[in-house]
Number of protein chains: 2
Amino acid sequence: MEDKIKVVFFDIDDTLYDSSMQTERARKNAIKAMIEAGLDVDEDKALEVLHGMIKKFGSNYQYQFDELLKEFDYDPNPRIIAAGVVAYHTTKVAYLVPFPDTVPMLLRLRDLNYKLGVITDGIAVKQWEKLIRLGVQHFFHFVTISGDTGSEKPDPELFRRAIDKSGCAPGETMMVGDRLDKDVKGANEAGMVTVQVMRGKYREVKPREEIERPDYVVSKLSDILRILG
Amino acid sequence: MEDKIKVVFFDIDDTLYDSSMQTERARKNAIKAMIEAGLDVDEDKALEVLHGMIKKFGSNYQYQFDELLKEFDYDPNPRIIAAGVVAYHTTKVAYLVPFPDTVPMLLRLRDLNYKLGVITDGIAVKQWEKLIRLGVQHFFHFVTISGDTGSEKPDPELFRRAIDKSGCAPGETMMVGDRLDKDVKGANEAGMVTVQVMRGKYREVKPREEIERPDYVVSKLSDILRILG
């Protein structure tokens, strides 16, 4: 089957860059900066509370630091919040760099005449921001983002849309991602060849059901070249 | 009167840093980036349309680039918008640096035992972000922001609040800002000593009424030292 793959689709977060590390460092630096600006709390405790906020309100909620202050019985304090915001964004941007093998691998795949695509969950403008800051926005022939389409991973509809755009049969397409419950499950259901890349905080998770089992598991992106033959 | 000034208050935008240049460059770079990302329009025409958008929706409206695309009959295009957003924010941060004389002058005033303050219009977190990125957040004893208080320049109420915080009489306080219709007018009404600094895009504007006439006009911040004696 592998020799007729024509399109390789990638997830973005924890596949093209180290999003787990980026997020963790950004949150830690935000807490440190808020403490420096006058928030008198224990750093580890604050980080734990922040994680709770994110679980409750989602990672795109823009008033997480306001909620954090509330949790510690502080009045709204724009100075402390701004310190957190600046540190958070500066760190986010600083860590928005591709894995070392990302760009060489994408170039190699293009040299070999594969078409390249992205299938990702998120707000469309935010995901495009990531591609642009990673410097890979010109590499991809097809970009499909859940925020544009209304269906999210692992809904196979999202993957079918991406396949349709490419004009290929599902079996001629490959999906590369880090999450079994999102990338692999949905892509398997849509009939794609699936590759789990062992990166990010979900790398040790095992398949919970047959549909989450990837066709291939790789530890680095360049291993895809061997699979494609 | 000048020898009893105890507190010097500053506006932020176009007083502590070159906000006019920053905004103009950020908008130009955003348009260039959107054109690079596929927006097929004339650069000058797009800038003109963007200025119209900002006049219509205000400068803190977050969907300016979406509106810009609409104006040119484009469908929503997250890739193009993201290119604009990235270029806009990168440029904004790059130009968020103090005027060369800002920090030396603030240090000198502190050495001379003046208390320092900020009186500014805007969203509190955004204005604190500016102070932090400018690296001057620790210099000020009193920071008053319209977003926190509900009254905006030139409402003398905003200035009175700042004066109250300082514990001084109005005549013992000085307001330094670039805008006659905002900084000078409100501060005059509140009984402060007023200084117009000739910076930014409003520098050539003349007083339209007596209450807009500043006690002093300076071309650079260090001239304040001479006024204080």
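Computed from the coordinates by the stated procedures, all read-outs in this text should not be read as laboratory data. Worth saying up front: this structure is predicted, and the values here are computed from it rather than measured. Cβ placement follows ideal geometry from the backbone for every residue including glycine, while neighbour counts extend to all protein chains displayed.
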Quiz item: By per-residue mean of other Cβ atoms within 10 Å, what is the highest-first order of A:189-198, A:207-216?
Solution: A:189-198, A:207-216
Quiz item: Roughly speaking, what is the centre-to-centre gap between region A:1-75 and region A:125-188 when only Cα atoms are used, to the nearest Å?
Solution: 23 Å
Self-check item: For B:GLN22, net neighbour charge (Lys/Arg +1, Asp/Glu -1) across residues whose Cβ lies under 14 Å away
Solution: +3
Exercise. Return the Rg/Rh value of region B:171-229, two decimal places, where both radii are evaluated on C-alpha atoms and Rh is the Kirkwood radius.
Key: 0.94
Self-check item: Label spacing, shortest first and in nm, from B:GLU36 to its equivalents in the remaining copies (7 angstrom along Cα→Cβ)
Solution: 3.0
Exercise. Just need log10 I(q)/I(0) for chain B at q = 0.07 Å⁻¹, Debye formula, equal scatterers on the alpha-carbon atoms, no solvent, rounded to two decimals.
Key: -0.26
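What's the whole-number percent of alpha carbon pairs in the protein assembly as shown lying beyond 28 angstrom? Intermediate results must be reported in sequence, preceding the final value.
On the way: 62487 of 104653 pairs.
Of the Cα pairs, 60 percent sit more than 28 Å apart.
All other residues with a Cβ under 10 Å from the Cβ of B:TYR74 taken together, and with Lys, Arg as +1 and Asp, Glu as -1, what is their net charge? All intermediate terms of the calculation are to be shown ahead of the outcome.
Working: positive: B:LYS70; negative: B:ASP40, B:ASP66, B:GLU71, B:ASP73, B:ASP75.
Within the 10 Å Cβ shell, the charges total -4.
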Practice problem: Please give the calculated 222 nm ellipticity per residue for the protein assembly as shown, where each DSSP H segment of at least 4 residues contributes -39500 (n - 2.57) and the sum is spread over every residue; nearest 500 deg cm²/dmol? | Solution: -13500 deg cm²/dmol
Exercise. Taking the Cβ of A:GLU48 as the centre, find all other residues whose Cβ is under 15 Å away and add up their charges (Lys, Arg: +1; Asp, Glu: -1).
Key: 0
Quiz item: Which one of B:GLN62, B:GLY186, A:ILE119 is farthest out on the positive end of the charge dipole of the protein assembly as shown, using unit charges on Cβ (Lys, Arg +1; Asp, Glu -1) and the Cα centre as origin?
Solution: A:ILE119
Quiz item: Given label points at 7 Å from Cα along Cα→Cβ, what nm distances, shortest first, separate B:PRO104 from the same residue in every other copy?
Solution: 4.9
Quiz prompt | Per-residue average of Cβ from other chains inside 10 Å of A:82-94 | solution = 3
Self-check item: Given charges at beta-carbon only (K, R positive; D, E negative), |dipole| of chain B in Debye
Solution: 640 debye
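Region B:20-94: D in µm²/s via Stokes-Einstein (Kirkwood Rh, Cα pairs, 25 °C, 0.890 mPa s)? The partial results should precede the final answer.
Details: Rh = 12.0 Å.
Rounded to a whole number, D works out at 204 µm²/s.
Sorted by average packing, counted as other Cβ atoms within 10 angstrom per residue and highest first, what order do B:200-206, B:119-125 take?
Working: B:200-206: 13.1, B:119-125: 22.6.
Order by mean packing, descending: B:119-125, B:200-206.
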Exercise. Determine ³J(HN,Hα), in whole Hz, for all residues of region B:139-151 in sequence, where each value follows from phi through the Karplus function 6.51 cos²θ - 1.76 cosθ + 1.60 and θ = phi - 60°; x replaces Gly and Pro.
Key: 7, 9, 7, 9, 10, 10, 10, 4, x, 7, 10, x, 10
Quiz item: Considering only the label points, 7 Å along Cα→Cβ from Cα, what distances in nm to one decimal separate B:VAL217 from the same position in each other copy, shortest first?
Solution: 7.6
